[in-house]
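Read-outs throughout are calculated quantities, based only on the coordinates presented, and are distinct from any laboratory measurement. Computed from a predicted structure; not experimentally measured. Here Cβ is always computed from backbone atoms with ideal geometry, including for glycine, and neighbour counts include all displayed protein chains.
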Amino acid sequence: MTSVAASLDVVVSPRRRAEGLVRLLRRPAAAVSFVVVSALVFGSVAAPLVAPYPKNQFDVNHLFGPPTLAHPFGTDELGRDLLTRVLYGGRTSLEIAALATALAMAVGAVWGFTAAFHRGWLDELLMRIADLTLGMPVILLGLVLVAAFGSSTKSIILILGILFTPATARLARSSLLAELETDYYLAAVSVGAPPWRIILKELLPNTTPVLLARASIVAADAIFVEASLSFVGLGVQPPAASWGTLLERGYSVLYSSYWYPIFPGIVILVAVLALNTLGDNLQRVLDPARR
Amino acid sequence: MGSYVLKRVAVSIALLIISSILIFCLMRVIPGDPTITKVAGASGNAASVRALRAVRHELGLDQSLPAQYVHWVGGILRGDFGESYYSQFPVTKLISQRIGATLELAVLSLIIGVLMAVPAAVISAIWRNRAFDALLSAFTAIGMATPAFVTGIVLIVVFGVKLNLLPTQGYVSITHHPIESLKTAVLPSITLAIAIAAPLLRILDASLDDVASAPYIRTAAGKGLLRRQVVMRHLLPNATIPALTMLGVIIGSLLGGTVIVEYVFARPGLGTLVVDSVFKRDYAVLQTLVLLAAATFILSSLAIDLLYGVIDPRLRVRGSEAAR
């Protein structure tokens, strides 16, 4: 019995998965984005190693310094090197984005899969709830949730997770519904494979790529919204610093030292663009109709 | 047609009621008692228990939740949205003071955004030039990835700080001083317009592409029409429907977009009022603004849906059959 079910595994084999990655990286835009995202992650994780200055090295002789060779991004209000601060800020921004994405994907997947399995009233209820929250502007809902949960780093992760869960649930539901129509699913059911096995070994691996593409876009949105909240002073709070808080500090001295907010702004833009492009290309590679 | 309209209106009203309940519940979850801010704010120090209780009674916060909800909704139906917990002005007054700046920004940026997206998509469909198309897709990708504060800051630096051409802060009422008003609105409107044009262009391009492979387009080209005529008469009218949906979504969430743009350009509009009321935990103001946003979204999707019925006869028939 077990052997029959095992032989039926139509899971994407490791080799085919590797082929998918090659196909993705053969697209120039995807390859560049992949390199950019890797570089940003590396720069943040290895900030203590690659940053040109120690984390909090003050220099009272160079307050609000313009970009120079010694300080490519300039210096801040305490004479700290802004490139160093951007690298360390990436730790906060990327950590928040990664955890919020993981939260949104996990809850969204369970939510969507539950709806897809239990068509009928539960499906209807779960999806109507998702629709309701999808109707609100994200930033506005984010601000209301900040009012409700506060703006500690943990709250921000929770808030971003909540914001992106409904859309993920919709996608998880539709991709699972598509899998439930397939022959391999019918075959697995008809040979009597237990439900947990069908879910873990058949359905999950086949919906994972679609959800991964989505995760890349959610991460981009999370960086975007975290930066927006921090920019109006309602996101990451000092002394913690994300790209958004650097931008907020820089914005307050925009008229005297305009380069201060520009560089964190560009880094946010590049990160969001790269993650979006990666997600878009992944979707295209996966969708045979658009290949 | 009549039953289709009735059904859509009924659904919208139901959505509005559900949203109001959700918003009300959400606001009651907020920790941090607004009455403490209010009493402490008035006397400048810790609040006495009796003063707190008096204020809670005055604001109706000592009633049960359903009673509070009915009181709130009853007030709204009479045009009374309550008073700010912080400044004690009626919420309607705060909103009417601020709505001008937001409306001006919203209308201008919508006009500029549509004027950027539609001609670009049409030119791309007529011209079919690879370089131009690549340029457009770069614009949409970058436009969708650029947070409004980055666009805003760049525009302030270039046009305000470097060239000193345009004002970068504040708001002048259009009835007071039309020219000054438009000048202060230029940079914020362009900032928001880019965020509007990018997704609109993307969807318009995709649907033009989809329709382009339809048999009737080949027929139109085959009977000898100029490319320009094919695009304007056959392609464009059929490709506008998905773009209209997107436009509805954009209009519905404009209030979200204005939050950041108004903040960057220090415009005293509804967006900055949202940020202020979150900072001050002024939930009488906040719940009204969120309800306003929800109503805007629901009404704009209702309007777009009804518009479909007018422009697309197929939907009209299918819609009324579904309603039966």
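Worth pointing out:
- For B:L136, the shell of other residues with beta-carbons less than 14 Å away shows a net charge of 0, using +1 for Lys and Arg and -1 for Asp and Glu.
- Aspartates and glutamates with Cα under 15 Å of B:K7, excluding same-chain neighbours fewer than 8 positions away: B:D305, B:E321
- Dividing the mean sequence gap of close Cα pairs (under 8 Å, 6+ apart) by how many residues region A:142-272 holds gives a relative contact order of 23 percent.
- Contact order, relative form, for chain A: 24 percent (alpha carbon pairs under 8 Å, 6 or more residues apart, mean separation divided by residue count).
- The order of A:T92, A:T182, going from fewest to most other C-beta atoms within 10 Å of their C-beta, is A:T182, A:T92.
- At least 27 Å along the helix axis (C-alpha) and Kyte average at least 0.5, DSSP helices within chain B: B:2-29, B:91-127, B:178-212, B:283-311
- Peptide A:264-272 has a mean of 4 when you count, residue by residue, the C-beta atoms of other protein chains within 10 Å of its C-beta.
- Gyration tensor (alpha-carbon) shape descriptor, the protein assembly as shown, a/c threshold 1.5: rounded
- Using a Gaussian network model of chain A in which every pair of alpha carbons under 10 angstrom is joined by a spring, one finds that among A:L177, A:L211, A:L163 the greatest mean-square fluctuation is at A:L177.
- Positive-pole candidate from A:A130, A:W243, A:W111, dipole of chain A, charges at beta carbon: A:W111
- Taking other residues whose beta carbon is less than 15 angstrom from the beta carbon of A:D221, and scoring Lys, Arg as +1 and Asp, Glu as -1, yields 0.
- Karplus-based coupling profile of region A:101-107, in residue order and whole Hz: 5, 4, 4, 4, 5, 5, 5, with θ = phi - 60° in 6.51 cos²θ - 1.76 cosθ + 1.60 and x standing for Gly or Pro.
- Lysines with Cα under 21 Å of B:K162, excluding same-chain neighbours fewer than 8 positions away: B:K183
- Chain B: most fluctuating residue of B:V264, B:V49, B:V211 per GNM, C-alpha cutoff 10 Å: B:V49
- Calculated [222 nm] ellipticity per residue, helices only, for chain B: -25000 deg cm²/dmol; basis is -39500 (n - 2.57) per DSSP H run with n ≥ 4, divided by all residues, nearest 500.
- Under 5 Å, built H, 5+ apart or other chain: amide partners of A:R80: A:D59
- Percentage relative contact order, region B:229-312, counting C-alpha pairs under 8 Å, at least six apart: 35 percent
- Chain A, helix-only ellipticity at 222 nm - DSSP H runs n ≥ 4, -39,500 (n - 2.57), divided by all residues, nearest 500: -23500 deg cm²/dmol
- Candidates A:S190, A:S257, A:S242: whichever shows maximal mean-square fluctuation once chain A is modelled as a Gaussian network with Cα springs under 10 Å: A:S190
- Candidate lysines - alpha carbon under 29 Å from B:K280, same-chain residues fewer than 8 apart omitted: A:K154, B:K38, B:K93
- Amide H within-cut-off set for B:E83, under 5 Å, with H built and near neighbours excluded: B:V91
- Couplings 3J(HN,Hα) for region A:51-56, derived from phi with the Karplus relation 6.51 cos²θ - 1.76 cosθ + 1.60 (θ = phi - 60°), are 5, x, 10, x, 4, 10 Hz, where x marks Gly and Pro.
- Shape of chain B, Cα gyration tensor, a/c cut at 1.5: oblate
- Sorting A:E95, B:E104 by the number of Cβ atoms found within 10 Å of their own Cβ, with the fewest placed first, yields A:E95, B:E104.
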